[in-house]
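None of the figures in this text is laboratory data; all of them are computed from the coordinates on show. Owing to the predicted nature of the structure, the values given are computational and were not obtained by experimental measurement. Ideal geometry is used to build each Cβ from the backbone, glycine not excepted, and the neighbour counts take in all protein chains shown.
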Amino acid sequence: MVGSDLIKYLNSDFSVTSITKKNYSEFISKSFDVLVNANGNSKRFWANKNVLEDFNLSTVSVYKSIFDFRYTIYIYISSSDVYKNHSSPLTTVESIIDGEGLSAYGLHKYLSETVVKNNCPNYIILRSSMALGENLRKGPIFDILNNKSLFISPSSRLQMITTKELANVIKFLLDQNKTNNVINTGGKGTVSFESIQSYFSAPVAFSKDTEEQIYEMNVEKLDKLFSLKSSEDYLIEFLNNTQRNG
């Protein structure tokens, strides 16, 4: 979802080439000003049950992309799961990172970040919160829109950003030449699922066996540069856009 949406939103300012699994071999050794890597497995629960497969999809693929293409700037879309405690702005400052005790999913994203930093002279690493975009196919917001029961508890709180805003962040950082940076990327604050019903006309249902999830990164670094909106604002923007598009 993130990759396809970035193609759409970045295309207004750049000449964008879409590299997929199908055409990957056609572009090996080609040169680009900027390479944006939005690849890798995005299924957290699957990753933690299929560790070796996820390592190949999320880390080996990053190594390959670094050496398969030529570029001036490498942008890697990472995850808030690189933080051992991703529930508080106090424990998710960009400089606080500890690879011990991470889930397989988070560890592989963290390893990929290290690979990028060690091999790319000019890089930007964006640790993204939950992204909301046109091709949304999973997650609690997708489940609500498709009349499915949620597997997270009402006490859950999640940080969110739209893929359109993620593209705006990339444009801004490139324009300002903010390379060799690791930046948490998400809305300010979180969306509480205790009050999630207020955003939807259809009833929101929770499964019997639910899990509390709390994701809130510290986004002060980006907010000082970019002026972020709140997670609630990004959710409302996404829902309004979804309604307009039917």
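For the chain, a simple Cβ point-charge model (Lys and Arg +1, Asp and Glu -1, everything else neutral) yields a dipole of about 500 debye relative to the Cα centre. Qualifying trypsin sites (Lys or Arg not before Pro) in segment 8-70, where qualification requires a DSSP coil assignment and no more than 13 other C-beta atoms within 10 Å, comprise 21, 22, 30, 43.
Beta bridges per DSSP, both residues in the chain: antiparallel share near 5 percent. When the chain is treated as a GNM with alpha-carbon contacts under 10 Å, the residue of 163, 91, 17 showing the greatest mean-square fluctuation is 17. Applying a DSSP loop filter and a limit of 15 other Cβ atoms within 10 Å to the GluC sites (Glu not before Pro) in segment 191-246 leaves 194, 212.
Shape class of segment 50-110 from the Cα gyration tensor (axes a ≥ b ≥ c, square roots of the eigenvalues): oblate, since a/c reaches 1.5 or more and a/b does not exceed b/c.
Could you please rank 116, 2, placing first whichever residue has the fewest other Cβ atoms within 10 Å of its Cβ?
Least to most surrounded, the residues fall as 2, 116.
Specify which residue in the list 236, 218, 198 is farthest towards the positive end of the charge dipole of the chain, using unit charges on the beta carbon of Lys, Arg (+1) and Asp, Glu (-1), about the Cα centre. Towards the positive end, the residue furthest out is 236. Ranking of 1, 217 by neighbouring Cβ atoms within 10 Å, starting from the fewest: 1, 217. Cβ crowding within 10 Å, taken as a proxy for footprinting-reagent exposure, orders 7, 28, 144 from fewest neighbours to most as 28, 7, 144.
Estimated purely from DSSP H runs of n ≥ 4, each contributing -39500 (n - 2.57), the mean residue ellipticity at 222 nm for the chain is -10000 deg cm²/dmol once divided by its residues. Please give every one of the lysines within straight-line cross-link reach of residue 148, meaning a C-alpha to C-alpha distance under 16 Å, and leave out same-chain neighbours fewer than 8 residues apart. In chain and number order, the partners are 138, 208. Cross-link reach is defined here as a Cα-Cα straight distance under 24 Å, omitting same-chain residues fewer than 8 places apart; for residue 171 the lysines meeting it are 8, 30, 109, 117, 188, 221, 224, 229. Simple rule: put +1 on each Lys or Arg Cβ and -1 on each Asp or Glu Cβ in the chain, find the dipole, and look at 31, 153, 95; the Cα lying farthest toward the positive end is 31. Restricting the trypsin sites (Lys or Arg not before Pro) of segment 148-214 to loop positions (DSSP other than H, G, I, E, B) with no more than 13 neighbouring Cβ atoms within 10 Å leaves 148.
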